[in-house]
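Here's the structure, in structure tokens; my notes come after.
The values are calculated or read from the model by the stated rules, or taken from the named source; none is laboratory data. In this text the structure is predicted, and so the values were computed from the model without any measurement. All Cβ positions, glycine included, derive from the backbone under ideal geometry; neighbour counts span all protein chains shown.
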Amino acid sequence: MFPLQILSQIIKAFRAGETPTQIAAGFGVGFLIGLMPFWTLQGVLLFLVLLFVNINMAAGSLAMLVAGFVAFLLDPLFHNLGYAVLTLPALQGTWEALYNLPVAPLSRFNNTVVMGSFLGGLVLFAPVYVGMKKLVVSYRSGLEERIKKWKVVQSLRGSKIVEWYVKIRDLGSMS
């Protein structure tokens, strides 16, 4: 049920619910969270941003799922990037000073995959944000009507799973 709920909320948001900026920001933050190992200081802080800032939680959840699969494939690249940054002689003093701070080790910045995925996520945040914002604007300005005509969408709308989901969803709204 959970993936169908996320998909339903995304479609509602795409149609009109929230601004394209809120949806794109939620997707961007979720994508950044999904790229890196979650149980780090920056992962938890970004998740709190997703929860408490006025951005789209459903888009963030979807992005975390998508980025989680992408991250698995990109981990070797993230390891190489993190290793390159952590072994730069010019930054050795910075890493030592950071490690000696009371809270900084909770970020696990000294792990090559954590460092590489965080940097990769920061680099990808702007293109993901801009791309999602353009997609939402495009969807609202006419793309929705074209998508509704696709055979895949029409067959999904008439499927038993979707009918079953709608019945169960509507049970909760009955008073």
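Counting only residues that are without any contact (Cβ under 8 Å) to a residue 60 or more places away in the chain and among the small types (Gly, Ala, Ser), which one in the range 19-34 is farthest from Met64 (Cα to Cα)?
The residue in question is Gly26.
Met132: closer than 25 Å to Val70 by Cα, among the aliphatic types (A, V, I, L, M), touching a Gly at 6+ places or on another chain (Cβ under 6 Å) and surrounded by 13 or more Cβ atoms within 10 Å (Cβ to Cβ), yes or no?
Spelling it out, it is not the case that Met132 is closer than 25 Å to Val70 by Cα, among the aliphatic types (A, V, I, L, M), touching a Gly at 6+ places or on another chain (Cβ under 6 Å) and surrounded by 13 or more Cβ atoms within 10 Å (Cβ to Cβ).
Please identify the pairs in which a residue from the range 139-164 that is under 26 Å from Ile23 (Cα atoms) has its Cβ atom under 9 Å from the Cβ atom of a residue that is part of a helix (DSSP H, G or I) and among the small types (Gly, Ala, Ser), counting only partners at least 6 apart or on another chain.
The qualifying pairs are Arg140/Ala16.
One residue is enough: does the range 80-87 have a residue meeting the conditions out of contact with any Asp or Glu (no Cβ under 6 Å at 6 or more places or on another chain), at pLDDT 90 or above and not in a helix (DSSP H, G or I)?
Yes; the residues of the range 80-87 include at least one that is out of contact with any Asp or Glu (no Cβ under 6 Å at 6 or more places or on another chain), at pLDDT 90 or above and not in a helix (DSSP H, G or I).
Collect the residues in the range 26-42 that are surrounded by fewer than 22 Cβ atoms within 10 Å (Cβ to Cβ) and in a helix (DSSP H, G or I), keeping them in residue-number order.
Residues satisfying the conditions are Leu41, Gln42.
Which pairs turn up if I take residues in the range 35-54 that are touching a residue at least 24 places away in the same chain (Cβ under 8 Å) and look for partners that are aromatic (Phe, Trp, Tyr) and exposed (fewer than 14 other Cβ atoms within 10 Å of the Cβ) with beta carbon separation below 9 Å, at least 6 apart in sequence or on another chain?
Cβ pairs passing all conditions: none.
Starting from residues that are within 10 Å of the chain's Cα centre (by Cα) and surrounded by fewer than 18 Cβ atoms within 10 Å (Cβ to Cβ), keep the ones in the range 58-71 and report whichever is nearest to Gly116 (Cα to Cα).
Across the range 58-71, the extreme among qualifying residues is Gly68.
All but one of (1) modelled with pLDDT under 95; (2) under 16 Å from the mean Cα position of the chain (by Cα) hold for Val29, so report the exception by its number.
Every condition holds for Val29 apart from (1).
Here are the criteria: (1) surrounded by 15 or more Cβ atoms within 10 Å (Cβ to Cβ); (2) in a loop (DSSP other than H, G, I, E, B); (3) at pLDDT below 90. Tell me which single one Phe109 does not satisfy.
Answer for Phe109: the failing condition is (3).
How many residues does the range 88-106 contain that are under 26 Å from the mean Cα position of the chain (by Cα), part of a helix (DSSP H, G or I) and among the aliphatic types (A, V, I, L, M)? Before the answer, list the steps.
Start the filter on the range 88-106 by keeping residues that are under 26 Å from the mean Cα position of the chain (by Cα), which leaves 103-106.
Checking the rest, the ones that are also part of a helix (DSSP H, G or I) come to 104-106.
Then drop every residue that is not among the aliphatic types (A, V, I, L, M), which leaves 104, 106.
Of the residues in that region, 2 qualify.
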